[in-house]
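Quick one: the structure is below, and I'll ask about it shortly.
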Amino acid sequence: MLGTGAISSERAHSAPSFQADPFSLGVASGDPLPGSVVLWTRLAPDPLAEDGHGGMPPRPVRVRWEVATDERFRRVVRRGSVEATPELAHSVHAEVNGLEPGRSYFYRFAAGRAESPVGRTRTAPAPDARVSSLAFAFASCQAWPDGFYTAYRHLADEDLDLVVHLGDYIYEYGIPATGGNRNTPVPDHFATETVSLKRYRTQYALYKSDPDLQAAHAAFPWLVTLDDHEVENGWADDVPEGNTLTPTREEFLERRASAFRAYYEHLPIRSTALPTGPDMRLYRRFTFGHLAEFNLLDTRQYRSPMADAETDDRFDPSRTLTGDEQERWLLDGLSASSSRWNVLAQQIRVAQFDHGSESDPNLPQDGWEGFGMDSWDGYVASRDRVFGGIAERGVRNPVVLTGDWHRHLVADIKADYADPSSATIASELVGTSISSGGNGTDIDNLGRAGLLVNPHVKFYNIQRGYVSCRLDAQRWTTRFQVLPQVLTPGAPVSTRATYVIEDGRPGAVPA
Ligand SMILES: [Fe+2]
């Protein structure tokens with residue numbers, strides 16, 4: 001097991017010299033608490049190097065950081081240094097305390113004579129603060145070879161307190177030497193799927209080389225959780241999707257350990273998330289005064305295997321999506337919350353989505369039938385326990401944020417999907433992908449059929465983009481942002497739809 005950073009016995013090199021800019025992967029901040037934030041960077045003068053070391057020597061290097069209230073660093077309020085070790089790919093996670101709650105700061109790093117770009121971050125407000133409003137955006141699914149991250153460029157231009165990332169930060173697939181839709185050459189060693197630690201590291205390095213992604217990280221603190229592709233498509237706890245690359249359970253857990261380690265190394269998360277082998281505690285909670293509380297969930301690591309779509313498996317009450325411990329943690333936290341808005345930031349669609357029957361002549365044919373086993377539809381009893389529990393406890397304004405599906409969607413989470421007049425328990429906002437799937441289109445047959453069959457689904461769009469939310473005590477306003485294309489950089493952004501949730505009235509409605 002790894003310690004929280006400084007574990008090499010060798011003394012850290014405090015005056016290294018670099019052949020190229022070691023801050024090629026940018027800077028980031030995250031996990032904001034009242035008066036505290038984690039600052040991230042990784043030293044990588046040769047980020048795409050095949051060995052995964054990013055061009056760094058196999059010894060620890062001292063990295064200095066400072067935090068100021070102004071962009072020119074005239075008023076530095078905190079400074080310090082940490083060891084970037086080869087065991088963690090020379091990543092830096094500086095957990096800075098003693099800041100003021102609810103205010104913006106600038107930060108930067110230095111190693112030897114090299115200086116990083118400047119990042120901007122923001123601490124969470126004090127727990128008892130009267131926060132009048134909060135602005136955040138959420139994003140997911142950024143397959144690098146599928147297209148450019150133009151959405152992030154527009155997101156970075158917004159005035160936000162926070163960005164929430166719901167997973168598929170990387171995809172495990174090999175990347176062709178031509179760079180796919182990007183038409184940007186990549187070294188041949190990217191052709192293989194990510195299984196080893198060094199290959200996961202090179203994948204993150206490629207993804208994080210993107211300037212638009214770097215701009216979005218440098219602009220705001222992020223709250224992140226992962227989905228399946230950070231490990232492998234469709235994995236469930238210790239079960240891989242296929243067993244070709246990892247024939248045994250032990251081999252898959254070894255892969256999961258490598259994937260988790262590389263995830264930790266490349267994201268601005270606290271040492272509480274430092275993996276121990278194949279285990280990583282990622283579900284956690286962040287509070288913004290009395291206005292909003294974010295519950296970040298992990299619906300991959302503790303779930304039962306996928307249900308057999310041909311049977312009644314998906315209703316089996318012994319099956320779980322969250323695991324018992326996380327389910328208890330979630331419901332206990334929601335019971336204790338004094339927040340106006342209670343957010344479940346998670347991966348996969350919650351509201352039922354019946355694809356309809358392929359033999360129904362009145363439905364546009366989309367090639368699908370029934371229910372998706374990878375969503376909460378595959379774990380019906382789990383959904384009933386969590387959302388039944390939310391209804392029972394009278395949780396104030398539960399709002400679910402969802403990624404994974406590469407579609408914008410607005411849906412009501414119902415007490416009974418067969419009865420449209422039954423209670424709406426919570427509002428669900430599904431965000432489309434940043435780039436996964438390529439350009440997309442306004443609507444497809446899956447959406448046309450879905451809107452007909454599922455009256456609780458109100459909006460559907462399958463273009464690329466992100467979701468921008470603004471909330472105060474009365475109202476939560478959501479803008480679904482879309483791009484006309486992602487095959488070349490620089491596309492404009494527009495708002496495809498705006499939905500509003502009023503305090504005390506679950507279910508988003510058109511603005
Ligand atoms: Fe995805």
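Of everything in segment 290-302, what is open to solvent by less than 10 Å² (accessible area, probe 1.4 Å), not small (Gly, Ala, Ser) and not in a loop (DSSP other than H, G, I, E, B)? Give them in sequence order.
Passing the criteria: 294, 295, 296.
I need the full set of residues from segment 176-195 which are within 16 Å of the ligand (Cβ to nearest atom) and either modelled with pLDDT under 95 or open to solvent by 50 Å² or more (accessible area, probe 1.4 Å) (or both), in order please.
Answer for segment 176-195, where residues must be within 16 Å of the ligand (Cβ to nearest atom) and either modelled with pLDDT under 95 or open to solvent by 50 Å² or more (accessible area, probe 1.4 Å) (or both): 181, 193.
Going by what's in this entry, would residue 89 be described as among the aliphatic types (A, V, I, L, M), farther than 24 Å from residue 298 by Cβ and away from the ligand (no atom under 16 Å from the Cβ)?
no
Follow-up. Could you run through segment 238-278 and say how many residues are within 18 Å of the chain's Cα centre (by Cα) and either more than 16 Å from the ligand (Cβ to nearest atom) or not aromatic (Phe, Trp, Tyr) (or both)?
Residues flagged as within 18 Å of the chain's Cα centre (by Cα) and either more than 16 Å from the ligand (Cβ to nearest atom) or not aromatic (Phe, Trp, Tyr) (or both) within segment 238-278 amount to 17.
Follow-up. Considering only residues of segment 1-23 that are surrounded by fewer than 21 Cβ atoms within 10 Å (Cβ to Cβ) and at pLDDT 95 or above, which is farthest from residue 120 (Cα to Cα)?
Going through the qualifying residues, I end up with 20.
Pick from 80, 102, 30: which is surrounded by fewer than 19 Cβ atoms within 10 Å (Cβ to Cβ) and part of a strand (DSSP E or B)?
Exactly one residue qualifies, and that residue is 80.
Please determine whether any residue of segment 446-458 is within 16 Å of the ligand (Cβ to nearest atom) and in contact with a Lys or Arg (Cβ under 9 Å, 6 or more places away or on another chain).
For segment 446-458, residues within 16 Å of the ligand (Cβ to nearest atom) and in contact with a Lys or Arg (Cβ under 9 Å, 6 or more places away or on another chain): present.
May I pose another question? Please specify each residue of segment 253-269 satisfying the condition of being of a type in the set (A, V, I, L, M), in a helix (DSSP H, G or I) and open to solvent by less than 10 Å² (accessible area, probe 1.4 Å).
Correct list: 259, 262.
Of the residues in segment 247-269, how many are in contact (Cβ under 8 Å) with a residue 60 or more places away in the chain and among the polar types (S, T, N, Q)?
Within segment 247-269, residues that are in contact (Cβ under 8 Å) with a residue 60 or more places away in the chain and among the polar types (S, T, N, Q) number 1.
Does at least one position in segment 196-205 carry a residue that is part of a loop (DSSP other than H, G, I, E, B), within 17 Å of residue 89 (Cβ to Cβ) and within 16 Å of the ligand (Cβ to nearest atom)?
Among the residues of segment 196-205, not one is part of a loop (DSSP other than H, G, I, E, B), within 17 Å of residue 89 (Cβ to Cβ) and within 16 Å of the ligand (Cβ to nearest atom), which makes the answer no.
Of the residues in segment 396-430, how many are of a type in the set (A, V, I, L, M) and within 15 Å of the ligand (Cβ to nearest atom)?
The number of residues fulfilling the criteria is 3.
On to the next question. May I ask you to say which residue of 272, 287 is assigned by TED's automatic domain parsing to the domain that holds residue 257 and either without any contact (Cβ under 8 Å) to a residue 24 or more places away in the chain or assigned to a loop (DSSP other than H, G, I, E, B) (or both)?
Step by step, each of 272, 287 is checked, and only 272 is assigned by TED's automatic domain parsing to the domain that holds residue 257 and either without any contact (Cβ under 8 Å) to a residue 24 or more places away in the chain or assigned to a loop (DSSP other than H, G, I, E, B) (or both).
The values are calculated or read from the model by the stated rules, or taken from the named source; none is laboratory data. These numbers come from a predicted model, not from an experiment. Counting neighbours? That spans all protein chains shown, and the Cβs are built from the backbone with ideal geometry, glycine included. Note: areas computed on protein heavy atoms with side chains; ligands, DNA, RNA excluded. Shrake-Rupley method; radii C 1.70, N 1.55, O 1.52, S 1.80 Å.
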